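First comes the structure, then the notes that go with it.
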Amino acid sequence: MALTTAQLGITLSAISYLGQFDTNSGRYTLMNNALAATTTGGWQIAWGPATQGEDLVYVAANTQGQYAVVVRGTLFDRIEDLLQDKNINPQEALPFSAPSFPSDAAISKGDVEVWTNVSNMSSSVGPGSGALLPFLQALPSGTSLLVTGHSLGGQVATVLAVWFQAALTNVSVQPVTFAAPTAGNPAFATAYDSTFTTAERYYNSLDVVPRAWTQDGLTSILSLYPGGPQCGPLCKAAVDGALKTLEKNQLVYQQPAAATELTGALYPEKGLLAFEDEVNDQHRALYYMSLLGIPLTTIQLLNKSWAPPPSQSLRSVG
């Protein structure tokens, strides 16, 4: 079946996680095979995958000349790993020229660090080679460029979209993100909304990650799953620490306005780490594929053991 833009974006994003412990050459083969199996239109890797530190980006293209820049999210095992991320402080100015953004538009220190990694990446596998920006600058005029990612990959995708919009005159940029935390302050979010009128942002109603880093979002984690597993002492300490970081440093983060909520359902998890396990279940790119209507048979081509919540727990909460 033909995929919607959102279905395509989340599929490309889920594929970015494949081959976690492989080389880029191995990932290239693995990801290309997955693209052929899960998408239509002849999508294949045109540049990358390239890595710098723990960050990974690849560019895919289809036979109609459409392109997509895909940013992999950072992997974490426990919610505390995310909430204790020190890279939300300080907020810094954009590390590139973006004339349509005001001088007070700022993003997290962590986003600046990832942008630096991406700008320094060089592809040595597949048909595209060299750095990312020159590769994109060489695309035909009028090229449609989807910029997408899941989790922290979605957060970074919002920053890369701004970079591409400012640096490229030959493409039409559309950012589409999934489960993304906030990238920047209100000035950044407002300018982003004005610049990208076709931007899309999707989040699961039961996902912790897109609730970072606004004050209300962080606070809501403490009572996220009524009737289900609860945020325990370590989780509460991490939420409190993040809130104190915002308050102490007078930081305000704001999500872009355009957003689509997807209604999640509890699995539900049991046991000592039930909350952490539920958080991971709700956040997975594979679950977002399911919430966006992609058939289970397609999702299991990426992970044959994945399954949605059991039917008896299909209820909206939170």
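Some points to look at:
- Criterion applied to L286, L302 was being buried (at least 18 other Cβ atoms within 10 Å of the Cβ), farther than 14 Å from A179 by Cβ, within 18 Å of the chain's Cα centre (by Cα) and modelled with pLDDT of 95 or more, and the one residue passing it is L302.
- Counting the residues of region 22-57 that are without any contact (Cβ under 8 Å) to a residue 60 or more places away in the chain and under 16 Å from the mean Cα position of the chain (by Cα) gives 2.
- Count of region 33-69 residues which are surrounded by 17 or more Cβ atoms within 10 Å (Cβ to Cβ), farther than 22 Å from V171 by Cα and not hydrophobic (A, V, I, L, M, F, W, C): 4
- Residue match in region 246-262 (condition: at pLDDT 95 or above, among the β-branched types (V, I, T) and either surrounded by 20 or more Cβ atoms within 10 Å (Cβ to Cβ) or under 18 Å from H150 (Cα atoms) (or both)): yes
- Matching option when the condition is assigned to a strand (DSSP E or B) and hydroxyl-bearing (S, T, Y), among Y28, Y58: Y58
- Once region 58-111 is narrowed to residues that are in contact with a Leu (Cβ under 8 Å, 6 or more places away or on another chain) and β-branched (V, I, T), the residue that is modelled with the lowest pLDDT is T74.
- Among the residues of region 174-199, those that are crowded, with 19+ Cβ neighbours inside 10 Å, outside any loop (DSSP other than H, G, I, E, B) and not aliphatic (A, V, I, L, M) comprise Q174, P175, T177, F178, G184, F188, Y192.
- Matching residues in region 70-121 - criterion: being surrounded by 13 or more Cβ atoms within 10 Å (Cβ to Cβ) and hydroxyl-bearing (S, T, Y): T74, S108, T116, S119
- Filtered residues of region 212-267 (kept if more than 14 Å from I88 (Cβ to Cβ) and in a helix (DSSP H, G or I)): D216, T219, S220, I221, L222, S223, P233, L234, C235, K236, A237, D240
- V147 touching a Leu at 6+ places or on another chain (Cβ under 6 Å) and crowded, with 20+ Cβ neighbours inside 10 Å: yes
- Complete set of residues in region 252-272 that are aliphatic (A, V, I, L, M) and farther than 26 Å from T197 by Cα: A265, L266, L272
- Residue match in region 272-281 (condition: in contact with a helix residue (DSSP H, G or I) (Cβ under 7 Å, 6 or more places away or on another chain), under 29 Å from A189 (Cβ atoms), without any contact (Cβ under 8 Å) to a residue 60 or more places away in the chain and of a type in the set (D, E)): yes
The values are calculated or read from the model by the stated rules, or taken from the named source; none is laboratory data. Computed from a predicted model, the values in this text were never measured in an experiment. Positions of Cβ are generated from backbone atoms using ideal geometry, with glycine treated the same way; all protein chains shown enter the neighbour counts.
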